[in-house]
Amino acid sequence: MKSQIFEKLRHASEKPLTAAREWKETNRKMVVGSFPMNFPGELAHAAGTLPMLIQEAEDPITVGHGIIYPFYCGYTRSLVDQAAKGDFEVLDAIMFGDHCVQLLGAADAVRMTLPKKRVAFYQLISSMCDPWTHGRARESFVGLKKVLEELVGNAIDDDALRSSIRLFNKNRRLIRHIYELRRTGRVALTAREMQYIVKSSMVMDKAEHTALMEALVAELERDRSTAPAGVRVHLSGHFCQAPKPEILDLIESCGATVVGDDLFHGYRYISTDVREDGDPLDALAEWYMARNTGVPCPTRVQNDIDWDGYLINAVENEKAQGLIVLMAKFCEPHMYYYPEVKHTFERHGVPHLLIETEHEGIPLEGLKTRVETFLEIVKRREAVALAN
Ligand code: SF4
């Protein structure tokens, strides 16, 4: 049963556009693609469409080379490449995207490449603690609602939106429960399996995915196989695109046990629920602001919240022994912020390792040596600390 569930999650994770095509053929409804990281899928769901977060493709970039700069991140280059290759034909519209210059450039390139496709780009306010932040976020969601209503030709009523909010909250709660089972060592789930769980949630029909999560939680509660006793690590970073599963496998094969993460294809995506009462657009605007408090994002600015402080606390709560930072090459927000993370971890004496990833892949042999060395350092530091 568990293996059958993972088979479905794996299919949606590895072939999201194929899975969306299958859904569309069965349901005869629209598919709305969105850019990461703060798209309120609840709105597109309430409009009767399948919201799917557009994923980085595995394919090498070819035609996209002529349309977007080679020094853009792998995610944005892959987006444009997929658009140019006609892979987005299944999408009836592409919406949102809110956070960085490269994504803005990619949205323009996608719009230019697909002139007949509706591409509605909203830039959410990135200053999170100004008096107008909530109002501006709500305004963006009001605009998004209007565009969705035009697209489907129907109004989205508040009750439909509340019902979608309840469903999305339930989905997030179930995944967070799985995270908790893993953190406390009550289940053995690999980082690859956790990625299948979250990535499939980004692209699948939410009701279908939620039913799978309920079945999976029941299986895991029964199973109670305990997690392997490797070096406990927290995985951090990697916005927008999922880290390649072979990198996750390699980290674990070297003797690490991943006990927590703040990856977008991980805890960041499911960290925050939407309030279920009151005005649903107000609630979505609050959700947008609360997400940055729950898991801070370097693309946002908030005077009283720091990603590095959050990471130190997360590592402590998870009883992680070290931090592995996965940084997508050319991801500017991450590059700007990383020195603060490094400084904070050095100050607290917590070992950390930076791994820069590329769309084109990285030599795994060299990486294996680096991860093994890092885990050895963690073990020796702990041995010395115990001896003193
Ligand atoms: S936040 Fe980083 S990974 Fe995401 S689009 Fe911008 S540069 Fe690329």
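The values are calculated or read from the model by the stated rules, or taken from the named source; none is laboratory data. Because the structure is predicted, anything quoted here is derived from the model rather than measured. Don't worry about glycine lacking a Cβ; one is built from the backbone with ideal geometry, like all the others, and counts go over all protein chains shown. Each accessible area value is taken on the protein alone, full model and side chains, heavy atoms only, with ligands, DNA and RNA left out. Shrake-Rupley method; radii C 1.70, N 1.55, O 1.52, S 1.80 Å.
Structure summary
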| quantity | calculated |
| --- | --- |
| Enumeration of residues in segment 69-100 that are within 16 Å of the ligand (Cβ to nearest atom) and either part of a loop (DSSP other than H, G, I, E, B) or at pLDDT below 90 (or both) | Tyr69, Pro70, Phe71, Tyr72, Cys73, Phe96, Gly97, Asp98, His99, Cys100 |
| Filter result (away from the ligand (no atom under 11 Å from the Cβ) and not polar (S, T, N, Q)) within segment 101-115 | Asp108, Ala109, Val110, Arg111, Met112, Leu114, Pro115 |
| Verdict on Arg111 being open to solvent by 20 Å² or more (accessible area, probe 1.4 Å), under 20 Å from Ala47 (Cβ atoms) and among the basic types (Lys, Arg) | no |
| Single unsatisfied condition, Asp306 versus (1) modelled with pLDDT of 95 or more; (2) over 30 Å from Gly366 (Cα atoms) | (1) |
| Flag if Arg192 is modelled with pLDDT of 95 or more and either within 16 Å of the chain's Cα centre (by Cα) or open to solvent by 20 Å² or more (accessible area, probe 1.4 Å) (or both) | yes |
| Any chance Arg370 is modelled with pLDDT of 95 or more and either surrounded by 14 or more Cβ atoms within 10 Å (Cβ to Cβ) or farther than 30 Å from Phe168 by Cβ (or both) | yes |
| Residue satisfying condition, being within 15 Å of the ligand (Cβ to nearest atom), open to solvent by 10 Å² or more (accessible area, probe 1.4 Å) and within 30 Å of Arg381 (Cα to Cα), within set Tyr310, Tyr267, Tyr338 | Tyr338 |
| Qualifying residue in segment 103-111 (condition: farther than 22 Å from Ile54 by Cβ and in contact with a helix residue (DSSP H, G or I) (Cβ under 6 Å, 6 or more places away or on another chain)) | no |
| Neighbours by Cβ (under 6 Å, 6+ apart or cross-chain): first from segment 135-162, farther than 17 Å from Phe96 by Cα; second of a type in the set (A, V, I, L, M) and at pLDDT 95 or above | Ile156/Ala46; Ile156/Ala47; Ala160/Ala46; Leu161/Ala46 |
